[in-house]
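**Q** Would you mind keeping the following structure in view while I ask a few things?
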2 protein chains.
Amino acid sequence: MRQVSSTFDQGRSRVVIEGVEPEIDGGLFPIKRTPGETVAVEADVFGDGHEVISCALMFRREPDDQWCQAPMELIVNDRWRGAFVVTELGRYMYTLTAYVDPFKSWRRDLQKKVEVEQHTEVDLAAGAILVEAASQRAAGTEVKELREYAQMLRAKNLGLADKLKRALCSDLVGLLEKYPERRFATRYAKELVVVVERDKARFSSWYEIFPRSCAAEPGRHGSFTDCERCLPHIAAMGFDTLYLPPIHPIGRTQRRGKYIANDAGTDDPGSPWAIGAQEGGHKSIHPELGTLDDFKRLVRKANEYGIEVALDLAFQCSPDHPYVTQNPEWFRRRPDRTIQFAENPPKKYQDIYPFDFTTEGWQELWHELKSVVDFWIEQGIRIFRVDNPHTKPLPFWQWLITEVKKDHAETIFLAEAFTRPKVMYRLAKLGFSQSYTYFAWRNTKRELIQYFRELTKSEVREYFRPSLWPNTPDILTEYLQFGGRPAFMTRLVLAATLGANYGVYGPAFELCVDRAREPGSEEYLDSEKYQIQNWHSGNADSLKEFIARVNRIRRENPALQSNSGLSFHDIDNEQIICYSKQSGDRMNVVVVAVNLDPHHVQSGWLSLDLEALGFGGDASYQAHDQLTGARFLWQGTSNYIELDPRSCPAHIFRLRRRVRREQDFDYFS
Amino acid sequence: MRQVSSTFDQGRSRVVIEGVEPEIDGGLFPIKRTPGETVAVEADVFGDGHEVISCALMFRREPDDQWCQAPMELIVNDRWRGAFVVTELGRYMYTLTAYVDPFKSWRRDLQKKVEVEQHTEVDLAAGAILVEAASQRAAGTEVKELREYAQMLRAKNLGLADKLKRALCSDLVGLLEKYPERRFATRYAKELVVVVERDKARFSSWYEIFPRSCAAEPGRHGSFTDCERCLPHIAAMGFDTLYLPPIHPIGRTQRRGKYIANDAGTDDPGSPWAIGAQEGGHKSIHPELGTLDDFKRLVRKANEYGIEVALDLAFQCSPDHPYVTQNPEWFRRRPDRTIQFAENPPKKYQDIYPFDFTTEGWQELWHELKSVVDFWIEQGIRIFRVDNPHTKPLPFWQWLITEVKKDHAETIFLAEAFTRPKVMYRLAKLGFSQSYTYFAWRNTKRELIQYFRELTKSEVREYFRPSLWPNTPDILTEYLQFGGRPAFMTRLVLAATLGANYGVYGPAFELCVDRAREPGSEEYLDSEKYQIQNWHSGNADSLKEFIARVNRIRRENPALQSNSGLSFHDIDNEQIICYSKQSGDRMNVVVVAVNLDPHHVQSGWLSLDLEALGFGGDASYQAHDQLTGARFLWQGTSNYIELDPRSCPAHIFRLRRRVRREQDFDYFS
């Protein structure tokens, strides 16, 4: 027989599967989930003609090779949807299968014929053939069961009405669904990947602190032991992740002094990001902070407070780093044989030698850098905040994170890439669990809504987990510089409720430190990057209590522990932003209203999209402010809001449905 | 040396290429063009860090394996754009390459350093190394030239200023662009395909006629010879494609009579789509139409009038088709051994036997059907209108069209798939050159704008070439039934100007036949599908002259020969639609305004988007109505339109820029 060209071996697979979502860059990258989260898959599935199609979602956890199946249902316009829940860390695969279903087609047509009394013995005999064929695919007692059905459909001694009853009975449907005719099934050509990370990848509250600023006495270099003493305070505020800037020996050559001066004084401690000195490099500890044992004790103590320590991965060297002498081939050389320092003309960073990631010995270098991660994993660290990943090759990160996760799926990497959007997104796609965002610079209502719609409603939500930071040691925004205490409160509420992951650069935020080095600069006046600070003054204006309340609200409301249920609501005042979040089961509904103007009282009429929230159009319900404890009885969509920045610039309402029974002690549940 | 896992062999390729457009379904399907058209490609291209990236578009015509290159330019936000022009029929491939460009990076940094007088001999020496390396990649005299540049940059006897002048000169830029360092270039992983079809795939005017209705005497069965006599008339109206319903022997068993009656009278000619009788099947000619020689003469004569004959491909059989007895295995059998006729319960089509495309001998069947196409290609036919392709397997069409085009790239297939949108689009993706659309049922301004934006502004435009038919033998729309002559004029202008490809079911359209079989039906009262008509009455109301004018306007205005330059313009009357088309070179600008209300005069103020048309914001210009010859002097964006359906429901303006020189005889060009 002549062969139809090999491309068309599948010539008898008549069903098309296309437009699969989620599918990142044609399946090049995984989507991300945490245990218990759902993977909802949609696809366009269709064939020629008008026969009935069956479609199934297939999934498996690696390395199992046994596929599980979940049903896909037709929504509308050839679009199908199905879902499965992931439960374990690691990688899941999913794909689709679909086929023309002869039994379902036959059954549907028979029903239509019955309606107009067109059905004949021949139609039933046609069904018998399909049922007989299914019996050959069946196992156990069902073989016999199916054979008996087939015989009945053909039986001479049964009337047409009796046969019909059996032909259309739901038992037979169930059997045929179990043993369908899939000879010409189409299998979607790709197996798509889900990376399942632990809950903390989705929901975390970070606090950044420089251990060297933790000493009780002004001027002394703080240590891990000093840092331990701060733990109760940090825990009381409700943070669960303590991020430390690099803890390694700091270079002396070209060390930077206060105010980023090129010539450091002898007392200047230098930037922790100028990593490496005589005392060691990325696997060593800066002597003034303590020993490895001190560090491990800090990690242990923190755990006792429910706090996990996150380290900084800054893959760059000071000129004094041991790598520079031991592996000079890992650095780029200038024609005068000196090592090329970091520069972005006209700026020079002579205290930093970047690695040459594409050097001839790149594979050695990459493995060495992975061994740095392995080393800290051995010390109990599972969270890494990666410094400037966008200045190192993208394939390096893809390789590193993939390799690390093979043995430690519980590892979390946060990308500190303040760079162009596509680079940020690519880093997330290739493996970073969380990412810093442009949040710090999104201050107006329009900016915030536009940005968070992009992050939570577009495909981006499948792979990019935003981490919202109102400030960092590099970023003291204009908004914070000029808005006073209300600005800090506003930005805290926004960060902590718009983002399931957020963080603050600790004491400076808590104490509302707002003085920049110079006008137009976002650098802190006395930047901790280049000097030791002494924060522990008992400032009455501290946001400690407020932060603690906000973090408690986050813990108590599952809606705030994910970004998937975010919706924005209209309010007739450009200075007030209003949005809601609801939990996956829709049981927990939180509505947040924030006054973006730190200077004036603002008020307005809110138009809540009640239907989106699962509330009836003119229901009455309770808006219970979790910040103040105040309870408002609201009805319908339109309600009044007034926010005074001098007391509290935000409401974080939990909406409670009214329980309409007189005998209940409390009207609201 | 330890190996970094094989996935990362490309670890030193630091540039990412993603978001490539056009790329249909991840590269699974080609885009379509005609000779002279441009393939504009965009992509997101970026790497780590801030070095300069170079990117090139690569393309080749199959089967050449030599790639050509076109430059890609950065637009904004890591988005790049480049283009090439296709010139030959067949298949082109395109892909992208991008790399960190050390020379361009060095040059940019040097310029920045020069600005702040930071540049040193070391910087120039670094450049010398790059130039020296380029000399090793160079050929001919350029080897020496590059070496000399390298020497100069290092020369001890040249001053820094002299060296700088040479380092930054444009000659050197040119040389390095010719011999760039591409050692770690990223090559986009996919090679994407362009199918180039002839101009007619993009621009065609179809006329459908039943040859059997061409006889001069009422009641006689018309023949090809009668059809020949209609050619001058059809040519005078300006059509370039004459589409004939099936011309094969018509089955007698279960033949349908007038008004789709199940029992045909002895005189009933039957439906031409019930193909096959004793006299032959898909490769034979219905005896009453004439001989194969008669047919070939018709084709030849038509060509003399600039008209190409298109045949119908209806892959189905009457019960009398020779296949039924010769290859009974190609049909599905019912349990009573009869062959399964077409049915969609409760509807039965007992005059039609569908093929079983997934029969065991499917490959034989598919090849036989291809031989039908091959047969008519041998008789000189290159255009096929495919009947109901959506009721035959999609892989069959993909295979058939791909195979036919291997030897006959000039073949055009029009898909008559009035079905769900995704199936229609899939047929276009897999190879159909043109497709029927929902145009017939898009009557209001909003419907039209929404549909044509989807067709011309979304990715659909890359593979789906709409063919607009105001009527077909199956479709006499409500709009035509109740709108009288103005409705026919309106729909003609819309079809002929919104679509570069359009067609009419000929005499019935020209003569404004508007009587349906019954209320709520779109079937013609005396459907030519089941009876012979006699059209050639000299109806004074015939649209012949109007159609001729519209087709002439299409031929004279390149803007109307493509859909790529379509834009809609606002007008403050819901009954008037206004849009423009411009040619690729923007030299030809056509503005169309159509009154959609066939009953009343409608008027309104038009807001032309002049910038989109390449006209200055308050320029004065001439709107020259190609339908009436009237010339309006317009200025700016806002102009008045009034359309009386009883005279002419549309303007087709050609906009002419004013030539502002007194000495010109004519003020407009």
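**Q** Within the range A:488-538, how many residues turn out to be of a type in the set (Val, Ile, Thr) and more than 32 Å from the chain's Cα centre (by Cα)? Don't jump to the end; show me each part of the working.
**A** Initially, the range A:488-538 is screened for residues of a type in the set (Val, Ile, Thr), giving A:490, A:493, A:497, A:504, A:513, A:532.
So of that shortlist, the ones also more than 32 Å from the chain's Cα centre (by Cα) come out as A:532.
Qualifying residue count, the range A:488-538: 1.
**Q** Sticking with this one: Count, please, the residues in the range B:404-417 that happen to be buried (at least 19 other Cβ atoms within 10 Å of the Cβ) and not β-branched (Val, Ile, Thr).
**A** 6
Residue-wise test of (1) farther than 23 Å from residue B:115 by Cα; (2) in contact with a Leu (Cβ under 6 Å, 6 or more places away or on another chain); (3) at pLDDT 95 or above; (4) not polar (S, T, N, Q).
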position	(1), (2), (3), (4)
B:126	no, no, yes, yes
B:130	no, no, yes, yes
B:137	yes, no, yes, yes
B:141	yes, no, yes, no
B:145	yes, no, yes, yes
B:148	yes, no, yes, yes
B:151	yes, no, yes, no
B:155	no, no, no, yes
B:161	no, no, no, yes
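**Q** Follow-up question, since we're still on this one. Residues to consider are A:100, A:41; find the one that is closer than 30 Å to residue A:407 by Cβ and touching a Gly at 6+ places or on another chain (Cβ under 9 Å).
**A** A:41 is the lone residue from the list that is closer than 30 Å to residue A:407 by Cβ and touching a Gly at 6+ places or on another chain (Cβ under 9 Å).
**Q** For the range B:113-133, which positions are more than 8 Å from chain A (Cβ to nearest Cβ) and in contact with a Phe, Trp or Tyr (Cβ under 7 Å, 6 or more places away or on another chain)?
**A** Pass one, the range B:113-133, residues more than 8 Å from chain A (Cβ to nearest Cβ): B:114, B:117, B:119-121, B:123-124, B:127, B:130-133.
Scanning the range B:113-133 gives B:127, B:130, B:131.
**Q** Go through the range B:402-421 residue by residue and tally those that are in a loop (DSSP other than H, G, I, E, B) and among the acidic types (Asp, Glu).
**A** Here the count works out to 1.
The rows are residues; the columns are (1) of a type outside the set (Lys, Arg); (2) touching a His at 6+ places or on another chain (Cβ under 7 Å); (3) part of a strand (DSSP E or B).
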{"position": "A:57", "(1), (2), (3)": "yes, no, yes"}
{"position": "A:60", "(1), (2), (3)": "no, no, yes"}
{"position": "A:66", "(1), (2), (3)": "yes, no, no"}
{"position": "A:70", "(1), (2), (3)": "yes, no, yes"}
{"position": "A:74", "(1), (2), (3)": "yes, no, yes"}
{"position": "A:87", "(1), (2), (3)": "yes, no, no"}
{"position": "A:91", "(1), (2), (3)": "no, no, yes"}
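**Q** A further question follows. Of all residues being in a helix (DSSP H, G or I) and out of contact with any Pro (no Cβ under 9 Å at 6 or more places or on another chain) in the range B:429-450, which is farthest from the other protein chains (Cβ to nearest Cβ)? Just the residue, please.
**A** B:445
**Q** Looking only at residues that are within 8 Å of chain B (Cβ to nearest Cβ) and surrounded by 21 or more Cβ atoms within 10 Å (Cβ to Cβ) in the range A:12-54, which one is nearest to residue B:190 (Cα to Cα)?
**A** By that ranking, first place goes to A:16.
**Q** Do we have any residue at all in the range B:598-609 that's in contact (Cβ under 8 Å) with a residue 60 or more places away in the chain and in contact with a Gly (Cβ under 9 Å, 6 or more places away or on another chain)?
**A** Taking every residue of the range B:598-609 in turn, at least one turns out to be in contact (Cβ under 8 Å) with a residue 60 or more places away in the chain and in contact with a Gly (Cβ under 9 Å, 6 or more places away or on another chain).
**Q** Can you tell which of A:22, A:63 is at pLDDT below 95 and not charged (D, E, K, R)?
**A** Details: A:22 fails: at pLDDT below 95.
From the options A:22, A:63, the qualifying one is A:63.
**Q** Anything in the range A:373-395 that is within 14 Å of chain B (Cβ to nearest Cβ), within 22 Å of the chain's Cα centre (by Cα) and outside any strand (DSSP E or B)? List them, or say none.
**A** A:388, A:389, A:390, A:394, A:395
**Q** Identify, by number, the condition in (1) buried (at least 18 other Cβ atoms within 10 Å of the Cβ); (2) more than 14 Å from every other protein chain (Cβ to nearest Cβ); (3) under 50 Å from the mean Cα position of the chain (by Cα); (4) hydrophobic (A, V, I, L, M, F, W, C) that residue A:110 doesn't meet.
**A** (2)
**Q** Oh, and also: So, residue A:409, is that one closer than 25 Å to residue A:26 by Cα and within 13 Å of chain B (Cβ to nearest Cβ) or not?
**A** no
**Q** Related question: Residue A:39 - would you say it is in contact (Cβ under 8 Å) with a residue 60 or more places away in the chain and either under 23 Å from residue A:149 (Cα atoms) or part of a strand (DSSP E or B) (or both)?
**A** Spelling it out, residue A:39 is indeed in contact (Cβ under 8 Å) with a residue 60 or more places away in the chain and either under 23 Å from residue A:149 (Cα atoms) or part of a strand (DSSP E or B) (or both).
**Q** Can you tell me which residues in the range B:111-129 are of a type in the set (D, E, K, R) and in a helix (DSSP H, G or I)?
**A** Answer for the range B:111-129, where residues must be of a type in the set (D, E, K, R) and in a helix (DSSP H, G or I): B:112, B:113, B:115, B:121, B:123.
**Q** Hey, any hits in the range B:159-167 for a residue that's in contact (Cβ under 8 Å) with a residue 40 or more places away in the chain, within 14 Å of another protein chain (Cβ to nearest Cβ) and under 30 Å from residue A:25 (Cβ atoms)?
**A** No; the residues of the range B:159-167 include none that is in contact (Cβ under 8 Å) with a residue 40 or more places away in the chain, within 14 Å of another protein chain (Cβ to nearest Cβ) and under 30 Å from residue A:25 (Cβ atoms).
**Q** Can you say whether residue B:95 is polar (S, T, N, Q), surrounded by 16 or more Cβ atoms within 10 Å (Cβ to Cβ) and more than 13 Å from every other protein chain (Cβ to nearest Cβ), as far as the supplied structure shows?
**A** Here the answer is yes, as residue B:95 does meet what is asked.
**Q** Ok, one more. Anything in the range A:213-250 that is in contact with a Ser or Thr (Cβ under 8 Å, 6 or more places away or on another chain) and over 22 Å from residue A:501 (Cα atoms)? List them, or say none. Spell out the reasoning first.
**A** Step one: filter the range A:213-250 for residues in contact with a Ser or Thr (Cβ under 8 Å, 6 or more places away or on another chain), giving A:214-215, A:222, A:238-241, A:248-250.
Residues satisfying the conditions are A:214, A:215, A:222, A:248, A:249, A:250.
**Q** Another question, then. Right, residue B:103: modelled with pLDDT under 95 and among the aromatic types (Phe, Trp, Tyr) or not?
**A** no
Per-residue answers, yes or no, for (1) surrounded by fewer than 23 Cβ atoms within 10 Å (Cβ to Cβ); (2) touching a helix residue (DSSP H, G or I) at 6+ places or on another chain (Cβ under 7 Å):
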| position | (1), (2) |
| --- | --- |
| B:251 | no, no |
| B:265 | yes, no |
| B:290 | yes, yes |
| B:323 | yes, yes |
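**Q** Just to verify a result, which residue in the range B:1-11, among those that are in a loop (DSSP other than H, G, I, E, B) and either among the polar types (S, T, N, Q) or at pLDDT 95 or above (or both), is surrounded by the most Cβ atoms within 10 Å (Cβ to Cβ)?
**A** Looking at the filtered set, the residue picked out is B:10.
**Q** State yes or no: is residue A:85 more than 7 Å from chain B (Cβ to nearest Cβ) and in contact with an Asp or Glu (Cβ under 8 Å, 6 or more places away or on another chain)? Step through it out loud before you land on a result.
**A** Numbers: more than 7 Å from chain B (Cβ to nearest Cβ): yes; in contact with an Asp or Glu (Cβ under 8 Å, 6 or more places away or on another chain): yes.
Taking the combined requirement at face value, the residue satisfies it.
**Q** Continuing with this model, one more query. Select from the range A:412-428 the residues that are farther than 13 Å from residue A:200 by Cβ and of a type in the set (Phe, Trp, Tyr) and write down the one among them that is farthest from the other protein chains (Cβ to nearest Cβ).
**A** A:418
**Q** Could you figure out which of (1) surrounded by fewer than 19 Cβ atoms within 10 Å (Cβ to Cβ); (2) out of contact with any strand residue (DSSP E or B) (no Cβ under 6 Å at 6 or more places or on another chain) isn't true of residue B:355?
**A** Condition not satisfied by residue B:355: (1).
**Q** Give, as residue ranges, the strands (runs of 3 or more DSSP E) completely inside the range A:307-360 that count at least 3 residues that are more than 13 Å from chain B (Cβ to nearest Cβ). Spell out how you get there, then give the answer.
**A** Values: elements: A:308-313, A:342-344, A:347-349.
Filter on the range A:307-360 gives A:308-313.
**Q** Do the conditions hold for residue A:220, that is, is it farther than 30 Å from residue A:101 by Cβ and touching a His at 6+ places or on another chain (Cβ under 6 Å)?
**A** no
**Q** Test each condition in (1) of a type outside the set (Ser, Thr, Tyr); (2) free of Cβ contacts under 8 Å to residues at least 40 places away in the same chain; (3) assigned to a strand (DSSP E or B) for residue B:565 and report the one that comes out false.
**A** The failed condition is (3).
The values are calculated or read from the model by the stated rules, or taken from the named source; none is laboratory data. This one's a predicted model, so the numbers in the text were calculated from it and none came from an experiment. Every residue, glycine as well, gets a Cβ built from its backbone with ideal geometry; the counts of neighbours run over all protein chains shown.
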